[in-house]
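Asker: Have a look at the structure that comes next, please.
The values are calculated or read from the model by the stated rules, or taken from the named source; none is laboratory data. These figures come from a predicted structure and were not determined experimentally. Please note: Cβ atoms are built from the backbone with ideal geometry, for glycine as well, and neighbour counts cover all protein chains shown. Accessible surface areas use protein heavy atoms only, side chains included; no ligands, DNA or RNA. Shrake-Rupley method; radii C 1.70, N 1.55, O 1.52, S 1.80 Å.
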Amino acid sequence: MKILFVVGPFPLPSETFILNQLTGLIERGHEIHIYATQRAEVSDILHADVEKYDLLKRTRFRKQVPMGKISSRLGRMRLACELGISDPGMLYRALNAKKYVKRISSQVIIADVQSLRGLPRFDIIHCHFGFHGNRAMALREIGALQGKLITTFHAVDLTVNLNVSGRHVYDNLFAKGDLFLPISQRWRQRLIELGCDDARIRVHHMGIDCKRFTFRSREPSGDGPLKIASVARLVEKKGLEYGIRAVARLKKDCPNVEYTIVGDGPLRADLERLIGGLDLQDCVRLAGWQEQHRIVEIMEKSHIFMAPSVTASNGDQEGIPVVLMEAMAMGLPVVSTRHSGIPELVEDGLSGCLVPERDVDGLYEKLKYLSDNPDQWVEMGRQGRKIVEEQYDINVLNDRLVQMYRSV
């Protein structure tokens, strides 16, 4: 099949879930194209698969359109003609993009049409995030794209985007899209609440290649430190502030503790100040972005993985963090929160520990419990690996995704 993925900035180190689908479909012999809004700013730390599968050569990035030329309708028409939109019908529809999607400008559509010129007709147009589904739906409506339209909903598109654009922002997409793939039962229910036809909804998890993550039973390292790890963008919804505060409490009972946070983002300076204010410079380290193999090495040497996710002040939420799947596949006992789809992955007391959002005391108590009961680590690790293998293995999920493509 010829498949076009419509995504945002690409390739993002934090969106390995998209890479896992892309590479799996390439290995299955499908012709994959990628259309991205822009090349990601983080280009010095590329996932190894970006190079292995030469994904950048498969990618088209949206061309920039000069703002000054589109201040008037006549200016937009002239620009469209200069860019090669010669079909009168397509030109008319491009200039009236808002008819198809609210809050989308003719400038964006004209840039998309120009950028997509020469691409083949696709069997499948697969959009990650609902707002990119809206764009692709508009492009299909005006005739710039052809193919069955499938949209994966993650979380930000059903939280922040609804707050900004209103609960009816996906009405046209729900009416005209062919299939909708929320990544959890939590977001399936939200789609139904918004008016999406349940008959065209299939929960389809993001997943990992379990073969890439070696399982190892966790045991204390003698007189060495208790090593806790998090891997996350440094943004509010990751809840890292609460994880740091919990480690500060734990340090009073367990002075020999190390907490490594892998990732970067806009809250780095705030977290550095918090670490300094709590006098944790000797045990909490912000390691920045790391290549995938280095992340695996850090997790391999850790005893506990923590993902203290929260609902951000703007409503943003997680989906089901892929890094939690990776940690569980490696045998790490995990401490996380009852947030979004996380309880669908982590069963409290069996494959990990869950606490309410922003509950520093709860995080501390779970970390203290695991610190005091290392005999629990092995069984939690085994149960975590079992759940990931059974429900979140990308090879099974990609086979299922192909079947869903063929069904439409």
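Asker: Looking only at residues that are part of a helix (DSSP H, G or I) and free of Cβ contacts under 8 Å to residues at least 60 places away in the same chain in the stretch 181-198, which one is least open to solvent (accessible area, probe 1.4 Å)?
Answerer: For the stretch 181-198, the residue satisfying everything is Leu191.
Asker: Taking the stretch 140-149, which residues are open to solvent by less than 10 Å² (accessible area, probe 1.4 Å) and at pLDDT below 90?
Answerer: Correct list: Ile142 only.
Asker: Among the listed residues His293, His303, identify the single one that is of a type outside the set (A, V, I, L, M, F, W, C), buried (at least 17 other Cβ atoms within 10 Å of the Cβ) and touching a residue at least 12 places away in the same chain (Cβ under 8 Å).
Answerer: His303
Asker: Within the stretch 268-279, can one find any residue that is in a helix (DSSP H, G or I) and within 21 Å of the chain's Cα centre (by Cα)?
Answerer: yes
Asker: Another question about this same structure. Only one of these conditions is not met by Phe122: (1) within 23 Å of Asn20 (Cβ to Cβ); (2) open to solvent by 10 Å² or more (accessible area, probe 1.4 Å); (3) assigned to a loop (DSSP other than H, G, I, E, B). Which number is it?
Answerer: If we test Phe122 against (1) within 23 Å of Asn20 (Cβ to Cβ); (2) open to solvent by 10 Å² or more (accessible area, probe 1.4 Å); (3) assigned to a loop (DSSP other than H, G, I, E, B), just (2) comes out false.
Asker: Here are some conditions: (1) open to solvent by less than 30 Å² (accessible area, probe 1.4 Å); (2) touching a residue at least 60 places away in the same chain (Cβ under 8 Å); (3) not in a helix (DSSP H, G or I). Arg358 meets all but one. Which one does it not meet?
Answerer: For Arg358, the failing item is (1).
Asker: Next up: Take the stretch 325-353 and flag every residue that is among the aliphatic types (A, V, I, L, M) and open to solvent by 10 Å² or more (accessible area, probe 1.4 Å).
Answerer: The one that is among the aliphatic types (A, V, I, L, M) and open to solvent by 10 Å² or more (accessible area, probe 1.4 Å): Leu350.
Asker: Another question, if that's okay. Could you check the stretch 367-393 and list, in sequence order, the residues that are open to solvent by 60 Å² or more (accessible area, probe 1.4 Å), closer than 30 Å to Lys211 by Cβ and of a type in the set (D, E, K, R)?
Answerer: Within the stretch 367-393, Asp375, Glu379, Arg382, Lys386, Glu389, Glu390 meet the criteria.
Asker: Name the residues in the stretch 267-290 that are hydrophobic (A, V, I, L, M, F, W, C), open to solvent by 40 Å² or more (accessible area, probe 1.4 Å) and farther than 20 Å from Lys252 by Cα, would you?
Answerer: If the condition is that a residue be hydrophobic (A, V, I, L, M, F, W, C), open to solvent by 40 Å² or more (accessible area, probe 1.4 Å) and farther than 20 Å from Lys252 by Cα, then Leu267, Ala269, Trp289 are the ones that fit.
Asker: For the stretch 205-226, give me the residue count where each residue is more than 24 Å from Ile394 (Cβ to Cβ) and surrounded by 21 or more Cβ atoms within 10 Å (Cβ to Cβ).
Answerer: Total meeting the criteria: 1.
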